[in-house]
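The values are calculated or read from the model by the stated rules, or taken from the named source; none is laboratory data. All values derive from a computational prediction rather than experimental measurement. All Cβ positions, even for glycine, are placed from backbone atoms using ideal geometry, and neighbour counts span all protein chains on display. Ligands, DNA and RNA are stripped out before the accessible areas are found, and what is left, the full protein with its side chains, is counted by its heavy atoms. Shrake-Rupley method; radii C 1.70, N 1.55, O 1.52, S 1.80 Å.
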Amino acid sequence: MLTLRARRRRDAMVHALLILAVIIVMTPLLAVISYVLVNGLGSLSLDFFTQDLGSPARAQQGRPTGLMHTIIGTLVIDGLALAFVLPFGIGAGVLLAEFPDHPLNPSLRVLTDTLNGMPAILKGLLAYALIVQPMGSFSALSGSVALAFVMLPILARATESALAAVPWSLREATLALGVPRWRVILSTSMPAARVPIVTGVLIAFARAAGEAAPLMLTSFGNNYLTFDLLAPMDTLPQRLYSLAVSPYREWHAMGWGAAVLLLGLVIIVFVGARVATRRRFP
């Protein structure tokens, strides 16, 4: 039998080990965030948010340049991808959770697991074969399809897990009133699981927002502002890569600014996910 003093010593040791583990995990994250902020905050200015990048000669001549077109392109492509994937991802999750004996479920699970484990660049290659090659050009539309492939398995699995946590007694109580099954799903299951479903949507969006590889094969990038969905369009991840490997010092500085924006976008989305899990809807 351990004495009270020995138990306290063991408890203090375990507590110290937990604190050390947290410090070890947090140190690389804080180092990356600090390094990006130190190098990137100085690049942010009014021109950064109101001008497009243009040609390399513009920066070398001292003319104002910025990443307005990249910020807008990111919102357009990511938002369009989310609009594409929402009905399919949530629908797949509903089928897996609400109809567990459906004959399509085994195949659907294999497909979602395969798509989730597939490298992002292969999803871009899939969108390239489906959209870019038939159209004969890179486009924002193909970039949105590529990001939709990234979001789809995450959203499907999140929806399935959220609905599986809803007690079947709630469904049975509604079915006992003579309510059709589709109405039970919409009026009982989905409202009860909407907090984790919203969290899954935000996590899927954040995951896709940081992907650059699939966009290099689809939306390709553009140095100028455009709203044409059938033309190449810029996004923060691929522009960050392009600026980082460019030979121009001015563009390197803008790359750090792009990193700050991308980091901020991902943090905002993940914080939103945390808030969504704690919020209680009426």
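Details
- Taking region 197-242 as the range and being within 17 Å of the chain's Cα centre (by Cα), of a type in the set (D, E, K, R) and open to solvent by 60 Å² or more (accessible area, probe 1.4 Å) as the test, only R207 passes.
- Which numbered condition R58 fails, given (1) farther than 26 Å from S242 by Cβ; (2) in contact with a Ser or Thr (Cβ under 8 Å, 6 or more places away or on another chain); (3) surrounded by fewer than 18 Cβ atoms within 10 Å (Cβ to Cβ); (4) not aliphatic (A, V, I, L, M): (1)
- Looking only at region 127-171, and only at residues there that are part of a helix (DSSP H, G or I), of a type outside the set (A, V, I, L, M, F, W, C) and farther than 21 Å from N105 by Cβ, the one that is nearest to the chain's Cα centre (by Cα): S144
- Residues located in region 218-233, provided they are closer than 16 Å to G124 by Cα and polar (S, T, N, Q): T218, S219
- All of (1) at pLDDT 90 or above; (2) under 18 Å from A156 (Cβ atoms); (3) not β-branched (V, I, T) hold for P196 with one exception: (1).
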